[in-house]
Each structure stands twice: as structure tokens, then as C-alpha cells.
Amino acid sequence: IQALTEQKQDLINHIMIFENYPVEQQVEQLGSDGQDPFTISNVVSTEETNYDLNVVVMPGEGIKIRFMYNTLSFDQAGIERLYGHFARLLEQISLNPHVRVEELELLTAAEKQQITAAFNDTACAFPSHQTIHQLFEEQVAQTPDQVALVFGHQRLTYRELNERANSLARILQAQGVGPDKLVGLMVERSVEMIVGLLAVLKAGGAYVPIDPEFPSSRIAYMLEDSEAAVLLTRRDLAEEHQCHANNLFLEDAALYQGESSNLESIS
């Protein structure tokens, strides 16, 4: 199979084997009929494999299943989970031999309980009377000089991030942004992205995230359909997609030079 692919190797890293001839038992039984002058006992076999995971099924009075694995690729906990899933599948099939594959469940009862109960036990008290940018402003007041945002070599403290967002928010309000007004946000992951979305919230509006990787026709449709009052983006992206919206370019330093105190919340 591997030879017929372009990859040629490393395509298959695990294998399942059915030992339909119990070699060890046959060897141990040699001489048991009394005709052979010798017996063989304490048989130990050693296997070598090129696969990271071997699942070996050995039939007999009961079926024994052996998991052999490369410790550089798997840890014991992972193999134990795999064993649990395997046993869970066998239990379901033994109870209903005609069950469809799509009807089988992998998760054990303990895993189901962990996912549905333990992982989802996230209830906590939260100040629902405050907006997210008001909560952010409280954190600014508590730790103004702590680093709030890191992107590559760029770092902004809580104060710096808050002041930039405040300045931009006032410009957005001057452009008509407020309650029930949408702002397009088309920019790659960056410091400016976070400043932009905070500024929109502080201005009282809501942002519409637009992926710059979208086709230009899709972007134009999203801006028209949302009736975005402003598009926050970068100059190169606006030129690439020929955006004709009311653009503000987030790389322009002038956007962050105005009044930087907190705005009155109108959300």
C-alpha cells in the first residue's frame, strides 16, 4: 500500500494482528503424547516491529488482546484510554451483534461523566450589570503598568491599551458609531486588532469580524449586508480588496493622539 503512494513510507504506523495459530501453546505441548524424548517449557517469544502500535488478538478459551506500543509516540495513560475504548466497543457488539458501526460509542461511562459533569462545571459568579469594556477599565485601574497585550516583540500595558482604545473610540463616535451601529473589523491578528475591537465596544457599537482571506466579493457583501458605518482595517488590505467603505486605517498613529480618558458608557 505504501509503495503505491507518493509518500512511499511512514504512511501506516499501527497494525492489528489476529494470531489464528497459537504457536506458544503448540510448542509447549510438544512431547505431551509420551512419544517424544523431550519436553519444552517456559517458552518466551520476542517480537520486533516497525509500527508504533501493535494490537495483537490471541484466541483461545478466552480472547487475549495485547497492546504493544512505542513509548516515544504513546504514553501509558493514552494506551489505557485506547484499551478502555476498545473494551467499550466489544461490550456493545457482544450485547448486539447486529449493531451498526455508526451506533457504537467510544467513550467509557467514566469519560462521559467527566465530559458532561466535571468539564462543564464552570458556573461562577460574574458581574452581569457591567459590560466587558467596563470590567477591562476596572483592571486598568488596578494594574495600569502590568503588561496586558503581547504580540511578537510588541507589548502594551493596561494603561497604554486602554488609552489607545479610548482615543480611537472617540473618533468612531465622531463617525456616527453608537448603539445599534456596526463597525467592520478587517485585520490580521495583531495589537491593532485588539485595540480596534475594544474601541468599538467603548464607542457603544458592535464589531463585525471580517477575515482578510475572504474573497473580495464576500467582503463587499458583508459590509453592505451589515450596513457597517465604518471599516477598521489596514491600508494594504483596503487596497487589495478595493473596499469603498468609510475606512479608518489602524496603522495611522494619528488615531491614538486624541483625548485618552475613559468614555461614558452608552452600551
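What follows draws every value from the coordinates through simple rules; no lab data is involved. Quantities reported herein were computed from a predicted structural model and do not represent experimental measurements. Cβ atoms come from the backbone with ideal geometry, glycine included; neighbour counts cover every protein chain shown.
Tabulated results
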{"read-out": "Residues of segment 178-188 that turn out to be closer than 13 Å to residue 232 by Cα, part of a loop (DSSP other than H, G, I, E, B) and in contact with a strand residue (DSSP E or B) (Cβ under 9 Å, 6 or more places away or on another chain), as a count", "value": "1"}
{"read-out": "Evaluation of residue 74 against (1) assigned to a loop (DSSP other than H, G, I, E, B); (2) surrounded by fewer than 10 Cβ atoms within 10 Å (Cβ to Cβ) (one fails), failing number", "value": "(2)"}
{"read-out": "Output for segment 52-108, where each listed residue is among the hydrophobic types (A, V, I, L, M, F, W, C) and within 24 Å of the chain's Cα centre (by Cα)", "value": "72, 74, 77, 79, 82, 106, 107"}
{"read-out": "In segment 130-150, the residues that are over 22 Å from residue 205 (Cα atoms) and either assigned to a loop (DSSP other than H, G, I, E, B) or among the aliphatic types (A, V, I, L, M) (or both)", "value": "141, 143, 144, 145, 146, 147, 148, 149, 150"}
